[in-house]
Structure formats: C-alpha cells, structure tokens
Amino acid sequence: HASTARMVVAYPTVPGREASADRLDASVFAQTCESGRRFDVDVLRQTGYATCGAAWNDAAAWAAASGYAHVVLAADDLECGAGCLAAAATALDTGWAPSALILTGATMGVESHGDWGRIYDGEGDVAVSMTRIPALRVDWWRPIPPIHYWSDNAVTAVLRALDVPVLASRGYAWLHHWEQAGRISGTGEQASRERDEYAAFERHTINLGASL
C-alpha cells in the first residue's frame, strides 16, 4: 500500500448508515499515540456484503496482500475510544490479541470485555473467553465462515487453535451505538443456521490445532 500505516481498520456498511460510518472514520483518524502524535492508520469501508464474516475474509486477505501488519475487523456502528488503536498495536506487537472493552454509547454501560458484563483493569493481565472487534496480526488470519453474529467467535476459535493468547485490554476501548438501519436479527432462522455453521467450524478448527 502507498501509505506508511501498519494498521488498517476494516468494516462493512449498508445503506442508511452513512452517518455512523462517518463517525467511525472520524474516530479512527483522530487516534493518537502516547506521545501525542497522530496514530498512523488507514480505513477500509466495505459495501455490498451480507455478513461481517464475508467482509472480514476479504478485508483480511486484502490487508495481507497490501502489506499491512495489523488489521482491525470492526462494524460501522462503533467508535474508537482515545488511544484505542495504539493499545491494540502494542498488544499485537507483543504477541497477544486484545479483547475490546465495549461500552454502550447511549448509556456508557459495560457490554463486554471479552466476557459479557465484565470490565478488567490492565493490559493483557486477564485471559477472557473471546475477542470482540478482533484486532489481529495479518499472519494470524484464517478464513472463517461467511456468518454474521458469530463471526467474532469464529475468529477467536482460530486464535485459540494458533495458541495466540486472547487477553483483556482496558486501552482497546470502543463505544457501540447500536445502529438499527439494516440490522440483521440475532434470532430466527438465519441466526440458528449461523450458530450451527460456527459450531461446525469451531470443531474443525480445534481438530486442526496449530496446523491450521
């Protein structure tokens, strides 16, 4: 890629969420390092995808082919907290995958910190059940099923198979604004089918282990 950035933030978006996507982009480009200088990062806004999993597969492959070291797999109704991406880069360079602290934008209540409803202090001190808003080194990426609500679970399964620690990061903090336009239901036939696809993928991934 032509830029000097080592990281790209990639996310799918749908019509009706333009303002949300713009808010996310603005929060990414406002990121700074501990020194106060701007954090060097690019954004890949993806359109025309039915699920996060399908978009993330293409984004991660593109990031690797384009020479990025790190890829953050996001959603368009998120917003980076201050210092969020620098914290992720430090974790990845140290060899572990940060699990995001996610707060609900409207209430500032805790949604998840790798475990639902929990919040942990420190950087990389606590092992958690999964990574949401996955931040990865591109060499850790493996294709996942083209599913939606279980896509971050699938990424976590890959990290477990590769023996990459998934640890809570207080600095890797995001706001979640719960945009309703175009939201896919987390219940019903699609959700049930995707849960089954994820379960089969998880079993397959565990069986392959480090040879994945």
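The values are calculated or read from the model by the stated rules, or taken from the named source; none is laboratory data. Given the structure is predicted, the values throughout are model-derived calculations rather than measurements. A quick note on method: Cβ atoms are made from the backbone with ideal geometry, for glycine too, and the neighbour counts reach across all protein chains shown. When the accessible area is computed, the model is the full protein with side chains, heavy atoms only, and any ligands, DNA or RNA have been set aside. Shrake-Rupley method; radii C 1.70, N 1.55, O 1.52, S 1.80 Å.
Where in region 56-85 does the label zone of A26 land, with the point 7 angstrom along Cα→C-beta and an amide N cut-off under 13 Å?
Residues 79-80 qualify, since their backbone N sits under 13 Å from the label point.
Would you mind listing how long region 123-169 runs along its three principal axes, going by Cα atoms, in whole Å with the largest first?
Over region 123-169, Cα extents along the principal axes are 32, 22, 15 Å.
Students often check this: by mean Cβ neighbours within 10 Å, which of 138-145, 73-80, 102-109 ranks highest, and how do the rest follow?
73-80, 138-145, 102-109
Return the unpartnered cysteines for the chain, using a Cβ-Cβ cut-off of under 4.7 Å.
Here C33, C52 come out as lacking a disulfide-compatible partner, given the Cβ-Cβ threshold of under 4.7 Å.
Over the Cα atoms of region 16-126, how large are the radius of gyration and the largest Cα-Cα distance (Dmax), in Å?
Rg and Dmax of region 16-126, Cα atoms, are 14.6, 39 Å.
Send over a whole-number figure in Å² for the accessible area per residue of region 129-181, probe 1.4 Å.
Value returned for region 129-181: 35 Å² of accessible area per residue.
Hey, can you find the accessible area per residue of region 1-102 for me, probe 1.4 Å, expressed in square angstrom? Please report the intermediate quantities before stating the final value.
Working: 3950 Å² over 102 residues.
I get 39 Å² per residue for region 1-102.
Quick one: 3J(HN,Hα) in Hz for region 77-84, Karplus 6.51/-1.76/1.60 with θ = phi - 60°, rounded, Gly and Pro as x.
Calculated HN-Hα couplings, in order: 9, 9, 8, 5, x, 4, x, 4 Hz.
Take the solvent-accessible surface of the protein heavy atoms, probe 1.4 Å, and return the percent of it on the chain that carbon and sulfur atoms account for.
Solvent-exposed carbon and sulfur of the chain make up 55 percent of the total.
Out of (i) -0.61, -0.94, -1.19; (ii) -0.68, -0.96, -1.22; (iii) -0.39, -0.94, -1.44, which label holds the value of log10 I(q)/I(0) by the Debye sum over Cα atoms at q = 0.10, 0.15, 0.18 Å⁻¹ that was computed here?
Recomputing log10 I(q)/I(0) by the Debye sum over Cα atoms at q = 0.10, 0.15, 0.18 Å⁻¹ here picks out (iii).
Please state the equivalent ellipsoid semi-axes for region 90-194: what are the square roots of 5 times the Cα gyration tensor eigenvalues, largest first, in whole Å? Write down the numbers at each step before the final one.
Numbers: eigenvalues 103, 76, 23 Å².
Rounded to whole Å, the semi-axes are 23, 19, 11.
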